[in-house]
């Protein structure tokens, strides 16, 4: 598996993101869906990665958005658009992508990384993934407000040792 910065405008990525949005709208009311489409993921504050097999097959994607934060709280990032292709589930794709995103947040010296996901059973695996990586539930952050269709989670990078510090072979899984 190779994880690299990529474009959300690539055809296969757009299809995966369209699938992601379809699932988000199927599980939550429209006003509670905070997922971004491929064009929104091109914003200059967002870094976007894909995971691919050696033959180039798309396995998943994820993004890191730099949030505007008060100076006293330190730099803050938000995880966006984490998605594993159906054919790649159970292979550690999401964990490898998350390791890469968190490693980049540490390189940027972010104090914290947060995310929004859903409380429904559909999102249970995602919540478990984030909890395994040290995320804990928190209140709304950034421009979010309390919403019964949202679970907010955060990771204080200053309090958690750098789990992805070891160098990895080129093209190997991030942080493994």
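The values are calculated or read from the model by the stated rules, or taken from the named source; none is laboratory data. Computed from a predicted model, the values in this text were never measured in an experiment. Note: ideal-geometry Cβ built from the backbone for every residue, glycine included; neighbour counts use all protein chains shown.
From the list 95, 114, exactly one residue is in a helix (DSSP H, G or I) and at pLDDT 95 or above. Which is it?
On inspection, the qualifying residue turns out to be 95.
Residues being surrounded by 18 or more Cβ atoms within 10 Å (Cβ to Cβ) and in contact (Cβ under 8 Å) with a residue 60 or more places away in the chain: count how many of those fall in segment 68-91.
5
For segment 101-122, how many residues are more than 15 Å from residue 66 (Cα to Cα), in contact (Cβ under 8 Å) with a residue 60 or more places away in the chain and crowded, with 20+ Cβ neighbours inside 10 Å? First the steps, then the outcome.
So the first thing to find is which residues in segment 101-122 are more than 15 Å from residue 66 (Cα to Cα), and the list is 117-122.
Going one step further and asking which of them are in contact (Cβ under 8 Å) with a residue 60 or more places away in the chain, we end up with 118, 120, 122.
From the residues that got through so far, the ones that are crowded, with 20+ Cβ neighbours inside 10 Å too are 118.
Final tally of qualifying residues: 1.
Could you check segment 140-158 and list, in sequence order, the residues that are touching a residue at least 40 places away in the same chain (Cβ under 8 Å) and not in a loop (DSSP other than H, G, I, E, B)?
154, 155, 156
For segment 127-137, indicate whether the set of residues that are in contact (Cβ under 8 Å) with a residue 60 or more places away in the chain and farther than 19 Å from residue 16 by Cβ is non-empty.
no
Would segment 118-139 turn up any residue that is part of a strand (DSSP E or B), under 14 Å from the mean Cα position of the chain (by Cα) and modelled with pLDDT of 95 or more?
no
Go through segment 34-52 and report how many residues are touching a strand residue (DSSP E or B) at 6+ places or on another chain (Cβ under 7 Å), in a loop (DSSP other than H, G, I, E, B) and at pLDDT 90 or above.
Selection size over segment 34-52: 1.
If I ask for residues that are in contact with a strand residue (DSSP E or B) (Cβ under 9 Å, 6 or more places away or on another chain), modelled with pLDDT of 90 or more and not in a strand (DSSP E or B), which ones from segment 61-88 would you list?
Result: 85, 87, 88.
Tell me, yes or no, whether segment 53-60 has at least one residue that is assigned to a helix (DSSP H, G or I), in contact (Cβ under 8 Å) with a residue 40 or more places away in the chain and within 19 Å of residue 2 (Cα to Cα).
No: zero hits.
Starting from segment 3-23, keep only residues that are in contact (Cβ under 8 Å) with a residue 60 or more places away in the chain, then list their pairs with residues that are outside any helix (DSSP H, G or I) and surrounded by fewer than 17 Cβ atoms within 10 Å (Cβ to Cβ) whose Cβ atoms are within a distance under 7 Å, requiring at least 6 positions of separation or different chains.
17/37
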